[in-house]
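The structure appears right after this line, and notes come after that.
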């Protein structure tokens, strides 16, 4: 069957009935991490919420006052995952997050349009596409799309939008002669019922389960941002449709204003100014590294020149790197001297190096790492890594002072 959202893509709510409600679990991604959430799978007599399919994400909305967290298609059914149970046989009002849906409609219909034009102009076949959160990508079965070809595809697409070309949705059966004539990448294995044809009048006819605009004028505009190399001799075409173009222009303008204020020049000079800044930064970084190396050598020489220098050397600096610490260790020598060196913020995180007699370092390196809440490894008399609790540095110094004292007493 076709859901109400497929029969009327512009419907924003629907009065329907709960068929069933069963306990279920769902994996939701939050901040890059997936968490398992307990809830309920709900079936409705019909739905205005689109289940994911055809490259289009699922809708969000409400069943009554209960938020819908996911909608998926299982055979002929749309399964709604919600956090609270709903009573079967009760009448409910289903409402949609229209802004999210209309964005998906604009991108999806935009993809059909760009795909059809790329095929008709240059024979570029679409092998897949991705409706991203900010921009969409069409994978074309060609190793190269030139800038001139991109411009031509975009120009024809926007021309069709200005011509107010209608978009029709038709239903056919799998035994209809038209079934083998329209563009398609195949039906899902669990497909049931009639086949939907999205017909952009005079442009393209394609099998698709997704939601679409009823007229290309609702796309507002198409902007192809560019291309990038795809996998296996394919090219990714990056595009925006409708409201996303306006949002992109707004973000770009705000970025331009900020750069103009920071760089103290006009937009046409931004690239040159940033290029000069990058070269200056690289030169400063190179000079800084040279100074750090010289400082490391001087620090080591200063320690070695002291008559009462002892067998333990400890140093912390906010600025520096692993090379800085290793130069100090090399210059001082670690045969009979234990060195504890750290770089970074004194209260939070940074780098550390424990260097000295191999037996001592091997034994106490892991303990130092533990005290600093860090991660590291060692070999040949050196143990180094990252520290998350540099505030514990004093505790490490006390430990190592005891270690050196015990070694000296033993030797005496």
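Please treat every number below as a calculation from the coordinates, not as lab data. For clarity, every value in this text was computed on a predicted model and none was experimentally measured. So basically every Cβ, Gly included, is an ideal-geometry build from the backbone, and we count neighbours across all protein chains shown.
Using alpha carbon coordinates only, what is the Rg to Rh ratio of segment 4-96, with Rh defined as the Kirkwood radius?
0.95
How many angstrom separate the Cα center of segment 240-263 from the Cα center of segment 347-386?
What the calculation gives is 48 Å, centre to centre.
What shape does segment 30-78 take by its C-alpha gyration tensor, where a ≥ b ≥ c are the square roots of the eigenvalues and a/c under 1.5 counts as rounded, a/b above b/c as prolate, and the rest as oblate?
On the way: a/c = 1.75, a/b = 1.26, b/c = 1.38.
Note, shape of segment 30-78 comes out oblate.
Alpha carbon centre of segment 23-41 versus segment 193-221: separation in Å?
Cα centroid to Cα centroid, the span is 33 Å.
Rounded to two decimal places and with Rh computed the Kirkwood way over Cα pairs, what is Rg over Rh for segment 254-412? Kindly include the intermediate steps, with their values, before the conclusion.
Numbers: Rg = 20.7 Å, Rh = 17.8 Å.
Across segment 254-412, the Cα-based Rg/Rh ratio is 1.17.
Given the peptides 389-399, 106-116, arrange them by the average over their residues of other C-beta atoms within 10 Å, most packed first. Can you show the working numbers first?
Numbers: 389-399: 15.7, 106-116: 25.2.
Result, highest mean first: 106-116, 389-399.
Using only Cα atoms and rounding to the nearest 10 degrees, what angle (0 to 90) does helix 358-371 make with the longest principal axis of the chain?
50 degrees
Quickly rank 12-21, 58-67, 206-215 as a protection proxy: mean count of other C-beta atoms within 10 Å, highest first. Walk me through the numbers on the way to the answer.
Details: 12-21: 15.6, 58-67: 18.1, 206-215: 22.0.
Those peptides, ordered most packed to least, come out 206-215, 58-67, 12-21.
Using alpha carbon centroids, what distance separates segment 276-337 and segment 62-116, in Å?
Using only Cα atoms, the two centres lie 61 Å from each other.
Cα axis of helix 322-332 to longest principal axis of the chain: angle in degrees, 0 to 90, nearest 10?
Result, in degrees: 10.
Ranking request for peptides 315-327, 348-360, 69-81, 32-44: highest mean number of other beta-carbon atoms within 10 Å first, then the rest in descending order.
Answer by packing, highest mean first, reads 348-360, 69-81, 315-327, 32-44.
Bin by bin, in steps of 10 Å, what percent of the Cα pairs in the chain do you find, going until the bin that has the longest distance?
Once binned at 10 Å, the Cα pair distances of the chain give 4, 16, 17, 14, 12, 14, 13, 7, 2, 0, 0.
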